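A.B. asks: Okay, here's the structure, questions in a sec.
The values are calculated or read from the model by the stated rules, or taken from the named source; none is laboratory data. Since the model is a prediction, treat every value here as computed from it, not as a measurement. So basically every Cβ, Gly included, is an ideal-geometry build from the backbone, and we count neighbours across all protein chains shown.
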Amino acid sequence: MSLMESPLYQDAVKQLEESASIMGLDPNIMERLKYPKRALQVAVPIRLDDGTVKTFQGFRVQHNMTLGPGKGGIRFHPKVDLSETAGLAMLMTFKCALVGLPLGGAKGGISVDPSTLSRQELQALTRRYTTEINMIVGPNIDIPAPDIGTDGQTMAWFMDTYSQLKGYTVPGVVTGKPITVGGSLGRAEATGKGVAFCVNFAAEKMGMKIGSNTTVAIHGFGKVGVPAAEDLRDQGAKIVAISDVSGAVYNKDGIDIDKASSFTKRGGLLKDLPNVEHISNAELLALDVDILIPAAIDGVITEENADTVKAKMIAEGANGPLTKEAIEIIAKKGTFIIPDILCNAGGVIVSYFEWVQGLQNFFWDLDQINSKLHDILKDAFENVYEAHQEYKVDMKKAAFIAAFKRLMRAMRYRGLFPG
Ligand code: GLU
């Protein structure tokens, strides 16, 4: 697939064009934003445990670096390709701009199903991938982080490989590392915590009070879904449904989140979770709940199933879980949508804190991190809400508009090289 052909990339460009024309974005700036700055495709050959060699396709795309070094996750998933990675890199540009970080947008990944590889094979894959993209990453160039299929261990291997190549430890080359090798407190939960903060900001605007009458369904009970569920449960909300790749589970009185998360963290699949009603993922998405949090992957709500969605609020925990068409159908019904580049920005915000802490070798406490995270998200939420009212557009378009305003100013000041 060519660089700009994937549905995700096309969706991002359409959203860019629409929001740009509403806010009067300088066409010269839009012309530049439609194309990624740099895209690298690499072969990642590794020796499997059975002695044979297998080659995987790896990618790193840097979309825009006007605001600072590239920032964005590394995804290990069979669906990863160059164009999807480029689309996700573009979303990172807008996400970082929206929440006011001095960072640009990038994304990387390998087309692989990590569950089919042993720990040793995954380590080899990560180290070879790092070596292959090493020339375009670095603490001042582009700083990867975890995404779907990768975690703190992946980042530790990445950091170690990069540091071996340099000859000294470079903690600032990636974020999302384990705490003992330069990670930040709060980073692992940051995306989910940010989702819970945004749900509260939106509830306030809707006149909804989060409490024991609030029902929540979470599609994707993983790195984002679990901490979001924990925070909302702690505020009294009832998490009535959760799901993973194996299916969804439902309990009208609220699922025991601690039991469910210790079950899944031990490798259990939700289809085997006892004492709950088992439903399909499609049924979960159509539940009549107050809040629906799609926190798994892109493209789960499309024009095909958008009509079935009954939730009053949708918090996009994943990147692009609602297609552009789905958003238009759902926003018309009056559903409050918290767009992904705002809703899941908690992860990259605390990544930014981790990067800063790593550069200074001075670490902050958790309260400081969570309160700064709250304040940055609150400001961004208000900016988006203001654009939503001022331009009379849905929250998704409003988020793009708010992001473009910052990016446009910066791109104008920096100008176009060589002039
Ligand atoms: N992969 C996450 C995202 O899509 C986090 C990126 C980061 O922390 O750099 O926002």
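A.B. asks: Checking VAL356 against (1) at pLDDT below 95; (2) surrounded by fewer than 18 Cβ atoms within 10 Å (Cβ to Cβ); (3) within 15 Å of the ligand (Cβ to nearest atom): exactly one of these is not met. Which one?
C.D. replies: Status for VAL356: all satisfied but (1).
A.B. asks: Within the bounds of region 225-233, is there any residue that is more than 20 Å from the chain's Cα centre (by Cα) and without any contact (Cβ under 8 Å) to a residue 40 or more places away in the chain?
C.D. replies: Yes, the conditions are met somewhere in region 225-233.
A.B. asks: How many of the residues making up region 146-174 are under 18 Å from PRO69 (Cβ atoms) and not hydrophobic (A, V, I, L, M, F, W, C)?
C.D. replies: So the answer is 7.
A.B. asks: Next question, about the same structure. Pick out the one residue from ALA203, ALA188 that is surrounded by fewer than 23 Cβ atoms within 10 Å (Cβ to Cβ), within 12 Å of the ligand (Cβ to nearest atom) and either among the acidic types (Asp, Glu) or modelled with pLDDT of 95 or more (or both). Walk me through it before giving the result.
C.D. replies: Details: ALA203 fails: within 12 Å of the ligand (Cβ to nearest atom).
After ruling out the rest, the residue left standing is ALA188.
A.B. asks: Oh, and also: Filter region 169-185 down to the residues that are without any contact (Cβ under 8 Å) to a residue 40 or more places away in the chain and assigned to a helix (DSSP H, G or I), then identify the one that is nearest to the ligand (Cβ to nearest atom). Walk me through how you get there before you give the answer.
C.D. replies: Applying the first criterion (without any contact (Cβ under 8 Å) to a residue 40 or more places away in the chain) to region 169-185 yields 169-170, 173-174, 178-181.
Right, trim to assigned to a helix (DSSP H, G or I) and you get 173, 179-181.
Values: VAL173: 12, ILE179: 16, THR180: 19, VAL181: 16 Å.
Step by step, filter region 169-185, then rank; the result is VAL173.
A.B. asks: Pairs, please: C-beta under 6 Å, at least 6 apart or cross-chain, first residue under 9 Å from SER184 (Cα atoms) and in region 346-367, second part of a helix (DSSP H, G or I) and away from the ligand (no atom under 13 Å from the Cβ)?
C.D. replies: PHE353/ILE369; GLY358/PRO171; PHE363/GLN357
A.B. asks: Among PHE363, PHE353, which is the only one that is within 30 Å of TYR168 (Cβ to Cβ), of a type in the set (A, V, I, L, M, F, W, C), out of contact with any strand residue (DSSP E or B) (no Cβ under 8 Å at 6 or more places or on another chain) and in a loop (DSSP other than H, G, I, E, B)?
C.D. replies: Values: PHE353 fails: in a loop (DSSP other than H, G, I, E, B).
None of the others qualify; the one that does is PHE363.
A.B. asks: Restricting the search to region 326-350, which residues are under 20 Å from the mean Cα position of the chain (by Cα) and farther than 30 Å from GLY172 by Cβ?
C.D. replies: We begin by selecting, within region 326-350, every residue under 20 Å from the mean Cα position of the chain (by Cα); these are 326-327, 336-350.
Correct list: ALA326, ILE327, PHE336, ILE337, ILE338.
A.B. asks: Can you give me the ranges of the strands (runs of 3 or more DSSP E) entirely in region 257-337 with at least 1 residues that are within 16 Å of the ligand (Cβ to nearest atom) and of a type outside the set (D, E, K, R)?
C.D. replies: Working: elements: 277-279, 291-294, 313-315.
Result: 291-294, 313-315.
A.B. asks: Okay, moving on. Counting just the residues of region 99-122 that are in a helix (DSSP H, G or I) and under 23 Å from the mean Cα position of the chain (by Cα), which one comes out surrounded by the fewest Cβ atoms within 10 Å (Cβ to Cβ)? Talk me through it step by step, then tell me what you get.
C.D. replies: Of the residues in region 99-122, the ones in a helix (DSSP H, G or I) are 114-116, 119-122.
With under 23 Å from the mean Cα position of the chain (by Cα) added as a condition, the list becomes 114-115, 122.
Numbers: PRO114: 19, SER115: 10, LEU122: 21.
Among those that are in a helix (DSSP H, G or I) and under 23 Å from the mean Cα position of the chain (by Cα), it is SER115.
A.B. asks: In region 137-148, how many residues are under 13 Å from the mean Cα position of the chain (by Cα) and either more than 11 Å from the ligand (Cβ to nearest atom) or not small (Gly, Ala, Ser) (or both)? Quick ask: steps written out before the conclusion?
C.D. replies: Step one: of region 137-148, the residues under 13 Å from the mean Cα position of the chain (by Cα) are 144-148.
Keeping just the survivors that are either more than 11 Å from the ligand (Cβ to nearest atom) or not small (Gly, Ala, Ser) (or both) gives 144, 146-148.
Number satisfying all stated conditions: 4.
A.B. asks: Can you pull out every residue in region 322-346 that is in contact with a Gly (Cβ under 7 Å, 6 or more places away or on another chain) and crowded, with 23+ Cβ neighbours inside 10 Å? Before the answer, list the steps.
C.D. replies: Residues of region 322-346 that are in contact with a Gly (Cβ under 7 Å, 6 or more places away or on another chain), as a first pass: 323, 340, 343-346.
Within region 322-346, ASP340, CYS343, ASN344, ALA345, GLY346 meet the criteria.
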